[in-house]
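**Student:** Just dropping this structure here.
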Amino acid sequence: MTETTATGASAGPATAAATGVAGVVFREMSAEPRTQAVPLAHVSLELGHLYMEDFEGGPERMRSHFAQVRPWADALRASAALDGRRPRISTCFLIDDYFSRFSSPAELVPMVIAEADRAGLTIDYLARESGCAVADGVPVAEDVAGRLVDSPPLGSDGSRPPAKETGWLANGDRALGAETLEAMAHTPSWRPPAETAARRHSVFVDVELRDDREGHRTWSCPFLAAVWHLARLGLLRHGGDPVLQPRNWSGTEFPRQWDDLPPLIRLNPSAQPFSAYRTCSVLPARFLPVEHAVRVILDQVDADPEALRQAVKRAADERISVPDEIPDRISYAFYAGT
Amino acid sequence: MSAQREAKASVLLCGEVRTCLLQHSQSLAGDEAVKLLRLRADEQVRSSERPNPYAVSPDVLTGVDCRLPTVSGAKVRAVGTVTARAALTEGRVLQSSAWFEAPATGPEQRQPWSHYLARPGVVEPFGKLPDRAVADGLLAGPREPGELDLGAIAERLLGSVLRHPSLDQRAPFKSRRTRLRWAALRALDGEGPSIESFTVAEEGLRTAELRLPEGMGAAAAAALCEDLALHDWLLTTLVRMVERSRLGSVDGRDAVRALRPAVDHLMHLWMPGARLDPSLGPLWEVLEREPGFTRQWQSMVQRIRDQLALQAIPLQRDALSVH
């Protein structure tokens with residue numbers, strides 16, 4: 001085997017390494033972008049979301065939430081250990097600081113940790129929802145929006161541009177509105193929407209991804225939740241680098257301002273990796289419509305193929321099968337209540 | 001990559017390439033080319049300096065659910081994604097390319113969309129694929145609305161790159177776009193790749209029909225066809241430029257003026273097979289024997305150089321006589 005160095009490849013970081021074995025002598029790094037891998041657990045278990053209304057319910061509300069979550073968390077651990085192996089499970093918790101700013105990390109985070117602890121649950125990772133929009137300067141939500149490939153309704157022959165510019169994403173063909181019908185002569189009546197992959201009858205969903213008001217773009221809750229699932233599946237990359245990566249947080253002191261808290265922190269130094277082959281979220285049933293929308297979005301995300309491949313390969317090395325399809329990698333437990 | 005996993009099962013690979021001059025007064029330097037082809041903010045543009053400057057955009061997918069064109073008139077519905085990318089060679093020649101591959105059979109009903117996104121660049125037929133009829137149908141082009149239109153996907157991508165604000169829309173010379181439609185069926189067991197036909201039709205349309213061994217992915221085939229399209233465009237453009245210069249029939253200096261852009265922008269671009277999968281190299285050799293792409297190119301280039309040399313002699317004499 002021989003090794004050589006590039007001679008005068010002037011394009012940025014271009015260097016060349018040579019191996020006679022593979023038959024490739026000359027290589028340019030800029031011509032072969034690398035996608036950095038992330039460590040992966042078996043399951044990323046979400047112990048909850050915290051919104052303003054939850055906070056207003058006080059510590060009691062958190063206490064009853066974690067008490068509801070605990071049996072499901074135990075069930076997940078038991079089911080992940082069914083094949084006799086010791087499952088690698090990491091837990092996470094998401095706090096909304098995007099749609100409304102309330103309280104402060106200094107006040108809130110210790111309360112959340114204490115209430116989880118009271119129920120016998122450990123929060124390994126804590127994230128801020130605004131980190132799903134922009135994390136460490138990387139426009140994560142914008143990146144994911146750029147990777148949406150609309151599910152084509154029947155008759156999509158490639159000649160029509162994709163409809164993503166509207167900021168809405170559907171799981172089928174929209175109904176024809178009155179204006180369109182007026183424009184089309186001889187169209188007899190209203191035409192209903194149709195779910196593309198319907199089993200005879202449709203469950204049509206049209207998801208608002210964002211709005212733009214006064215020059216400011218606000219991503220919708222389902223869209224940020226979809227980004228959150230992609231982060232937990234280890235599928236987010238920007239220029240080949242992982243984004244929304246956890247930073248260690250030692251100590252019990254937390255800042256007075258949300259912006260001073262990193263978007264994702266590791267509270268438990270011995271936690272399993274944040275990202276995992278699969279995700280499971282334990283949420284109150286009121287999140288069902290949001291998570292349905294999340295699945296509609298994830299069904300239409302063309303994630304980084306190399307990141308997808310890395311997860312499948314690593315799992316195969318452990319003799320674990322991971323579905324190719326992203327929505328098939330996520331699961332939920334919805335408990336009764338709001 | 002899942003696309004490679006699927007490649008084994010595919011029996012038909014098809015695509016369309018558009019080639020044109022970048023509408024810009026200067027050829028783009030490496031970093032400018034990278035900016036131009038950054039179709040998605042989060043993904044890197046592959047670029048290379050050896051053996052010539054070349055940059056290629058990330059792949060973008062377009063979802064399709066429609067009939068495939070067939071010469072037999074058979075109606076075949078197919079669902080999946082078409083891969084498209086744009087590439088810039090020597091900062092000067094822009095190409096867009098759209099392609100897909102198809103397996104012999106597919107599910108009889110439409111699957112959740114994530115099923116198709118997990119197989120990028122694969123279009124699955126409902127039931128059995130009449131591969132020969134579809135290959136011929138695609139080479140003939142869509143005949144009625146509602147049939148898969150790869151050209152529209154390639155054209156839309158080309159258009160969006162050409163509208164990039166960094167381009168000044170001042171091309172240094174006139175040239176025409178060319179379109180290359182290609183289709184490849186699988187080679188018989190044990191046989192290597194072959195080129196069955198390369199046809200130059202009217203209005204800038206070319207068609208190529210290939211046979212490729214099992215396991216050869218659509219991206220490698222698309223790269224070959226982009227290379228064929230690039231060199232066909234170069235030859236077409238140079239031939240037209242020499243014709244327009246009316247070389248040999250007008251005042252030599254006018255001809256030199258008319259041929260100047262060829263020297264500035266085209267003559268150094270000829271480099272067949274620069275980045276091909278080595279197993280596809282023999283296909284170029286076939287085209288070199290008949291019709292002899294490089295032979296014709298060299299003959300044109302030699303003619304231009306001779307003319308320039310001829311004109312240089314009186315110019316030097318004029319220059320001397322000034323003193």
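The values are calculated or read from the model by the stated rules, or taken from the named source; none is laboratory data. It should be emphasised that the depicted structure is a prediction, and the values quoted were computed from it without experimental measurement. Note that each Cβ is placed from the backbone with ideal geometry, even for glycine, and that neighbours are counted across all protein chains shown. Note: accessible area is taken over every heavy atom of the protein model, side chains too, but ligands, DNA and RNA are not part of it. Shrake-Rupley method; radii C 1.70, N 1.55, O 1.52, S 1.80 Å.
**Student:** State whether one or more residues within segment B:92-104 are in a helix (DSSP H, G or I), in contact with a Leu (Cβ under 8 Å, 6 or more places away or on another chain) and of a type in the set (Lys, Arg).
**Tutor:** The initial filter retains those residues of segment B:92-104 that are in a helix (DSSP H, G or I), namely none.
No - not one qualifying residue is present in segment B:92-104.
**Student:** What is the one condition in (1) modelled with pLDDT of 95 or more; (2) at the interface with chain A (Cβ under 8 Å from one of its Cβ atoms) that B:Ala87 does not satisfy?
**Tutor:** It is condition (2) that B:Ala87 fails.
**Student:** Please go through segment B:123-152 and pick out each residue that is more than 20 Å from the chain's Cα centre (by Cα) and not charged (D, E, K, R).
**Tutor:** From segment B:123-152, those more than 20 Å from the chain's Cα centre (by Cα) are B:123-134, B:143-147; that's our starting set.
Once the filter is applied, which keeps residues that are more than 20 Å from the chain's Cα centre (by Cα) and not charged (D, E, K, R), segment B:123-152 yields B:Val123, B:Pro125, B:Phe126, B:Gly127, B:Leu129, B:Pro130, B:Ala133, B:Val134, B:Pro145, B:Gly146.
**Student:** While we're looking at this one, here's another question. Which one of A:Arg191, A:Arg237, A:Arg217 is at pLDDT below 90 and among the basic types (Lys, Arg)? Please lay out each step first, then the result.
**Tutor:** Numbers: A:Arg237 fails: at pLDDT below 90; A:Arg217 fails: at pLDDT below 90.
Among A:Arg191, A:Arg237, A:Arg217, only A:Arg191 is at pLDDT below 90 and among the basic types (Lys, Arg).
**Student:** List pairs: first residue in segment B:266-287 and within 14 Å of chain A (Cβ to nearest Cβ), second residue part of a helix (DSSP H, G or I) and of a type in the set (D, E, K, R) anywhere in the structure, Cβ distance under 7 angstrom, at least six positions apart or on different chains.
**Tutor:** Pairs found: B:Leu276/B:Asp227.
**Student:** Could we say that A:Pro193 is open to solvent by 10 Å² or more (accessible area, probe 1.4 Å) and touching a strand residue (DSSP E or B) at 6+ places or on another chain (Cβ under 8 Å) here?
**Tutor:** yes
**Student:** Run B:Asp65 past the list (1) open to solvent by less than 30 Å² (accessible area, probe 1.4 Å); (2) assigned to a helix (DSSP H, G or I); (3) in contact with a Pro (Cβ under 7 Å, 6 or more places away or on another chain); (4) free of Cβ contacts under 8 Å to residues at least 60 places away in the same chain and report the number of the one that doesn't hold.
**Tutor:** Single failed check for B:Asp65: (2).
**Student:** Shifting gears a bit: Pick from A:Ala303, A:Ala285, A:Ala293, A:Ala336: which is farther than 21 Å from A:Asp124 by Cα and within 14 Å of another protein chain (Cβ to nearest Cβ)?
**Tutor:** Exactly one residue qualifies, and that residue is A:Ala303.
**Student:** Yes or no: A:Asp136 open to solvent by less than 10 Å² (accessible area, probe 1.4 Å), under 18 Å from the mean Cα position of the chain (by Cα) and closer than 27 Å to A:Gln257 by Cα? Before you say what the answer is, go through the steps one by one.
**Tutor:** Details: open to solvent by less than 10 Å² (accessible area, probe 1.4 Å): no; under 18 Å from the mean Cα position of the chain (by Cα): yes; closer than 27 Å to A:Gln257 by Cα: yes.
Answer is no for this residue.
**Student:** Additional query: Taking B:Ala41 as meeting all but one of (1) surrounded by fewer than 19 Cβ atoms within 10 Å (Cβ to Cβ); (2) more than 13 Å from chain A (Cβ to nearest Cβ), write down the number of the exception.
**Tutor:** That leaves (2) as the condition not met.
**Student:** Go through segment A:74-121 and report how many residues are within 18 Å of A:Asp54 (Cα to Cα) and in a loop (DSSP other than H, G, I, E, B).
**Tutor:** So the answer is 10.
**Student:** Next question. Select from segment A:230-281 the residues that are among the β-branched types (Val, Ile, Thr) and in contact with a helix residue (DSSP H, G or I) (Cβ under 6 Å, 6 or more places away or on another chain) and write down the one among them that is surrounded by the most Cβ atoms within 10 Å (Cβ to Cβ).
**Tutor:** We begin by selecting, within segment A:230-281, every residue among the β-branched types (Val, Ile, Thr); these are A:243, A:252, A:265, A:279.
After this cut, where a residue has to be in contact with a helix residue (DSSP H, G or I) (Cβ under 6 Å, 6 or more places away or on another chain) as well, the list is A:243, A:279.
Values: A:Val243: 24, A:Thr279: 21.
It comes out as A:Val243.
**Student:** Kindly indicate whether A:Ser321 is within 14 Å of chain B (Cβ to nearest Cβ), of a type in the set (Ser, Thr, Tyr) and open to solvent by 60 Å² or more (accessible area, probe 1.4 Å). Write out each step before concluding.
**Tutor:** Working: within 14 Å of chain B (Cβ to nearest Cβ): yes; of a type in the set (Ser, Thr, Tyr): yes; open to solvent by 60 Å² or more (accessible area, probe 1.4 Å): yes.
Taking the combined requirement at face value, the residue satisfies it.
**Student:** Tell me the helices (runs of 4 or more DSSP H) entirely within segment B:112-214 that contain at least 2 residues that are within 14 Å of another protein chain (Cβ to nearest Cβ) and without any contact (Cβ under 8 Å) to a residue 12 or more places away in the chain. Talk me through it step by step, then tell me what you get.
**Tutor:** Working: elements: B:113-117, B:131-140, B:150-162.
Hits in segment B:112-214: B:113-117, B:150-162.
**Student:** Here's another thing I want to ask about it. Just to verify a result, which residue in segment A:77-101, among those that are out of contact with any helix residue (DSSP H, G or I) (no Cβ under 8 Å at 6 or more places or on another chain) and modelled with pLDDT of 95 or more, is least open to solvent (accessible area, probe 1.4 Å)? So that I can check it myself, show each step before the final result.
**Tutor:** Step one: list which residues in segment A:77-101 are out of contact with any helix residue (DSSP H, G or I) (no Cβ under 8 Å at 6 or more places or on another chain), which gives A:77-86, A:88, A:90.
Next cut, modelled with pLDDT of 95 or more only: A:88, A:90.
Working: A:Arg88: 60, A:Ser90: 1 Å².
Taking the candidates together, the pick is A:Ser90.
**Student:** Ok, one more. Of the residues B:Arg77, B:Arg85, which single one is part of a strand (DSSP E or B), open to solvent by 10 Å² or more (accessible area, probe 1.4 Å) and over 18 Å from B:Ala221 (Cα atoms)? Spell out how you get there, then give the answer.
**Tutor:** Values: B:Arg85 fails: over 18 Å from B:Ala221 (Cα atoms).
Going through B:Arg77, B:Arg85 in turn, just one is part of a strand (DSSP E or B), open to solvent by 10 Å² or more (accessible area, probe 1.4 Å) and over 18 Å from B:Ala221 (Cα atoms): B:Arg77.
**Student:** What are the pairs with Cβ atoms under 7 angstrom where one residue, in segment A:218-246, is of a type in the set (S, T, N, Q) and the other, located anywhere, is crowded, with 23+ Cβ neighbours inside 10 Å? Sequence gap at least six, or different chains.
**Tutor:** From residues that are of a type in the set (S, T, N, Q), the pairs are A:Gln245/A:Leu264.
**Student:** Name the one entry in B:Leu235, B:Leu287, B:Leu259 that is crowded, with 16+ Cβ neighbours inside 10 Å and at pLDDT 90 or above. Let's see the steps before the verdict.
**Tutor:** On the way: B:Leu287 fails: at pLDDT 90 or above; B:Leu259 fails: at pLDDT 90 or above.
The unique qualifying residue is B:Leu235.
**Student:** Ok, one more. Tell me which residues, restricted to segment B:44-80, are among the hydrophobic types (A, V, I, L, M, F, W, C) and facing chain A (nearest Cβ under 7 Å). Don't jump to the end; show me each part of the working.
**Tutor:** Within segment B:44-80, the subset among the hydrophobic types (A, V, I, L, M, F, W, C) is B:45, B:55-56, B:60-61, B:64, B:66, B:68, B:71, B:74, B:76, B:78-79.
Residues satisfying the conditions are B:Leu61, B:Val64, B:Cys66.
A quick yes/no check of all residues on (1) more than 14 Å from chain B (Cβ to nearest Cβ); (2) within 22 Å of A:Leu308 (Cβ to Cβ):
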position: A:Trp190; (1), (2): yes, no
position: A:Ala194; (1), (2): no, no
position: A:Asp211; (1), (2): yes, no
position: A:Arg232; (1), (2): yes, yes
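**Student:** If B:Val71 meets every condition in (1) open to solvent by 10 Å² or more (accessible area, probe 1.4 Å); (2) in a strand (DSSP E or B) apart from one, which number is that one?
**Tutor:** The number of the failed condition is (2).
**Student:** Please tell me if B:Trp113 is more than 22 Å from the chain's Cα centre (by Cα) and buried (at least 22 other Cβ atoms within 10 Å of the Cβ). First the steps, then the outcome.
**Tutor:** On the way: more than 22 Å from the chain's Cα centre (by Cα): yes; buried (at least 22 other Cβ atoms within 10 Å of the Cβ): yes.
It is true that B:Trp113 is more than 22 Å from the chain's Cα centre (by Cα) and buried (at least 22 other Cβ atoms within 10 Å of the Cβ).
**Student:** Right, here's the next one. What residue, of B:Ala102, B:Ala133, B:Ala98, B:Ala140, is at pLDDT 95 or above and open to solvent by 10 Å² or more (accessible area, probe 1.4 Å)? I'd like the intermediate steps shown before the answer.
**Tutor:** Values: B:Ala102 fails: open to solvent by 10 Å² or more (accessible area, probe 1.4 Å); B:Ala98 fails: open to solvent by 10 Å² or more (accessible area, probe 1.4 Å); B:Ala140 fails: at pLDDT 95 or above.
Just a single option satisfies the conditions, and that option is B:Ala133.
**Student:** Okay, moving on. Mind counting the residues in segment A:272-314 that are assigned to a helix (DSSP H, G or I) and of a type in the set (Asp, Glu)?
**Tutor:** Here is the first cut: in segment A:272-314, the ones assigned to a helix (DSSP H, G or I) are A:285-298, A:305-314.
Right, trim to of a type in the set (Asp, Glu) and you get A:291, A:306.
Residues meeting the conditions: 2.
**Student:** Within segment A:282-307, track down each residue that is among the aliphatic types (A, V, I, L, M), closer than 27 Å to A:Pro87 by Cα and open to solvent by less than 30 Å² (accessible area, probe 1.4 Å).
**Tutor:** Passing the criteria: A:Val282, A:Leu283, A:Val294, A:Leu298, A:Ala303, A:Ala307.
**Student:** Which count do you get for residues in segment A:27-63 that are farther than 30 Å from A:Arg286 by Cβ and open to solvent by less than 20 Å² (accessible area, probe 1.4 Å)? Working first, answer last.
**Tutor:** Initially, segment A:27-63 is screened for residues farther than 30 Å from A:Arg286 by Cβ, giving A:27-40.
Remaining after also requiring open to solvent by less than 20 Å² (accessible area, probe 1.4 Å): A:28, A:38, A:40.
The number of residues fulfilling the criteria is 3.
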